[in-house]
Every structure is written in structure tokens, then in C-alpha cells.
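The values are calculated or read from the model by the stated rules, or taken from the named source; none is laboratory data. Only a predicted model underlies this, so the values are computations on that prediction, with no experimental measurement involved. Neighbour counts are summed over all protein chains in view; Cβ atoms, including those assigned to glycine, are modelled from backbone coordinates with ideal geometry. Heads up: the accessible areas ignore ligands, DNA and RNA and are worked out on the full protein's heavy atoms, side chains in. Shrake-Rupley method; radii C 1.70, N 1.55, O 1.52, S 1.80 Å.
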Amino acid sequence: MIVRGAVLREMGLPAPYAESRPLHVEELELAPPGPGELLVRIRAAGLCHSDLSVIDGSRPRVMPMLLGHEATGSVVESNAPGFAVGDVVACAFVPACGGCGPCAEGRAALCEPGAAANAAGTLLSGNRRLSSTGPSDVHHHLGVSGFADHAVISAHSAVKIDPSLPPEIAALFGCAVMTGVGAVVNTAQVRAGRSAVVFGLGGVGLSALLGAVLVGAHPIVAVDVVPSKLALAQELGATAVVDARDADAIEQVRAATAGGADYAFETVGSAKVLEQAYAATRRGGTTVTVGLPHPSQTFSVPAVSLVAEERTVKGSYLGSSVPSRDIPRYVALYRAGRLPVDRLLTATVGLDDLNQAFDDLAAGASIRQVLLF
Ligand SMILES: NC(=O)c1ccc[n+]([C@@H]2O[C@H](COP(=O)([O-])OP(=O)(O)OC[C@H]3O[C@@H](n4cnc5c(N)ncnc54)[C@H](O)[C@@H]3O)[C@@H](O)[C@H]2O)c1
Ligand SMILES: [Zn+2]
Ligand SMILES: [Zn+2]
């Protein structure tokens, strides 16, 4: 079938994207789903910083690629057991094969065939279902490619969800919510009464903040460079906010947590901010890094502090989640009013607005913008 989608053909074009137009809206041929795959009519897809990082070249991917990895839609053709026409699914951005070593240990975020497929720009099967009329075939983004009216995805990338959720809310669960809440609940396993600080209040960081509120962390400090995001964080349950542009920002965090936080979450994508997050934790504290900096970035910490102060640094990918376990839980918590993820939604946009919308994301002017079909 012919689909319309937003294809990136070259990374690193200069901003503003409204002028350089890195995303081209094109018609592409989408092949039918193979064994274990689904044809999904995409209803909504969120704009995540990880899409922006492919556009600006800080997260290099094989080109050309149809972007978008935080999507929801309804199954229109199923070639996989357990999924029927009409099922509403959220897409997870790492397919979990279920059979590899990490999957067997419950660490679906580290699925090895899933990681290999994502790096190659294919579906879990190793196949590509997208082809363009141009000189080369188009790659899938993280097994999803949600910036198109339809997608073929592996059933291992799909989680059935409550069909009555508005699509612009449902989309958020596949990346921002699963990543941010999961960093708190799964990676750090924060307990009630422990202190937390979140650096970076985008879709992922605010989800981590909501996760910290959910589990009863206290106090909770929120750090960003955009005053409106600090204000929203306060409405969502941060007990203190700190402007990262202040020269004494880390001292302010340490003061607000009586000498340093038990848990610090870095959700900016900057090694420098990761060092600040580490510096903001207390003895025995845990720093969880979620942001995805350019592969060339490194960070340093005083090595002896890891030992003599029993500190921990942990990476968190996909919120250390098992998508089929966690997405339905987070949807139920949203329904119960315990996880108000609708507050992350800044605007809905159309396919032709994406370049401008990524300028807004890069400028820090939005939290989650969601492409609606
Ligand atoms: N680990 C994962 O599985 C995973 C999943 C999704 C996204 N990510 C990554 O997480 C990061 C955040 O994604 P997002 O979509 O929420 O991005 P975003 O752009 O919406 O949010 C980033 C926030 O950081 C703030 N910021 C910028 N500089 C700062 C500084 N010096 N100190 C404090 N705050 C600062 C920005 O104002 C913004 O609010 C990105 O690096 C993204 O690639 C990781
Ligand atoms: Zn994402
Ligand atoms: Zn696996």
C-alpha cells in the first residue's frame, strides 16, 4: 500500500529546521506484514528528543529513515498470534524477542536481536517493509517509524492498550512515560520517603517526576533552564525547583535535600549534566542517567567517591521496562488519577508541521507535541 510519512534523508542539516526542512513528507510503498508482524493504522505519534537527536546527528542512525518511535494506532491486519484487527496498541521502541538471554532475565530493554534490528534500521525479523520511489529503501526507526499514517511493526514491538484512551495521550506511554516512570520504578526502585532530584523537565524528565511523586519520594527537586517547566514541575509535585543557569544550582539542590539527594535522574542528554547530577547526590546516593548524549561524550567522577561513599551510577534504557508488563500498569495508574501524563501534552501537530515542531522542541518551548492523523 502507499503511505504518507516524514523521511529524514540527511542528518545534521542546520537549524532552524523550518528553513532547512530535514524531514520530507513523502509517499512510500509499505509492504504487507510478514510472519509475526502487524499492519497498524497510526493514530498519534509523539515528538521525542531522540528523534531530534537523529535529525541533528547526535544520535547517528542509518539513512534514510522514517522517524517517529512513540506511537499508537489500531491493528488493521494481523499476521501474529494474540493480535486481532481492531486491537489498539502502543509501540515500544525496543522489540522484545522473548527468547534471548536478557529477555529471559526480564530485561527486555536489552533484547539483543531487538538492539541489532534497531541499529540496522530493520524490523525484528531483519526485514524492511518500507520502500521509496527514490534511489534507496527507507529504514525503520526503532522498529516503529510512527511519523506515517500506517506502519508495519513486529508484534514484539506492540502492547495492547485500553482502546478508549485519546490517541494523543496513548502515544506518550510508548516512550516518555515508560522511560521516565520506569527509571524511578524499575531502574532506581525508589522507596517512599527517599529524596530525588530530576535534571531536565522534558517529556522524559517530567515522567520521572511523576514517577517520583507516585512512589512517595520526598523531597523532590526539579531542575531545568526553562522557567515555565519549573513552574509546571511544582504543580506536578516537585517540592523545590532550581534554575540550572544559577551558578550555585548544585548547592541549591543539596540544600533542598538536606545534604544531597538519595537519587538523581539525568534526563537531558548531557555528560556535563550527568556530572552535576552525580555531584547533587549524597553519600550512598544513586545517579540514574537516562539522557542520550552524542557517543563522543564522556564523563568523569572522583573515582574514590564510588568506593568510600558507596555511590552508584546506573544507566536506564526504556526505563528498564518490560513493555507488556509496564505499559498497562501505567495506563491503569493514569486512569486512576495517579499518573497525570496528560499534563505533558503541549500541542498536537500535523505531518506538514514537523520541521517547525522540532524547532520548538530544540528551543525548549514544548514538552510533548504529538503528531495526530
Ligand atoms: N534512556 C532512554 O530509554 C531514553 C528514552 C527517550 C529519550 N531519551 C533521551 O532522554 C533525553 C530527554 O528526552 P526528552 O524527549 O524529554 O527531551 P526534551 O528536550 O523534551 O527535554 C530535555 C529538557 O532538558 C532541559 N535542559 C537543557 N539543558 C539543561 C541543563 N543544563 N540543565 C537542566 N535541564 C536542561 C531542557 O530545557 C528540556 O526541558 C534525551 O537525551 C533523549 O534522547 C532516553
Ligand atoms: Zn523517545
Ligand atoms: Zn530478546
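Quick notes on this structure:
- The number of residues in region 105-125 that are open to solvent by 10 Å² or more (accessible area, probe 1.4 Å), more than 16 Å from ligand 1 (Cβ to nearest atom) and more than 21 Å from V75 (Cα to Cα) comes to 6.
- For C48, the conditions (1) touching a residue at least 60 places away in the same chain (Cβ under 8 Å); (2) more than 16 Å from ligand 2 (Cβ to nearest atom); (3) within 17 Å of the chain's Cα centre (by Cα) are fulfilled apart from (2).
- All of (1) open to solvent by less than 10 Å² (accessible area, probe 1.4 Å); (2) within 16 Å of ligand 1 (Cβ to nearest atom) hold for G202 with one exception: (1).
- Any chance I153 is more than 14 Å from ligand 1 (Cβ to nearest atom) and either in the same structural domain as L209 (by TED's automatic domain parsing) or surrounded by 24 or more Cβ atoms within 10 Å (Cβ to Cβ) (or both): yes
- Per-region count, region 130-141, residues at pLDDT 95 or above and not in a strand (DSSP E or B): 2
- A count restricted to region 185-208 and to residues that are under 20 Å from V331 (Cα atoms) and under 14 Å from the mean Cα position of the chain (by Cα) stands at 7.
- Condition met for G126 (in a loop (DSSP other than H, G, I, E, B) and within 16 Å of ligand 2 (Cβ to nearest atom)): no
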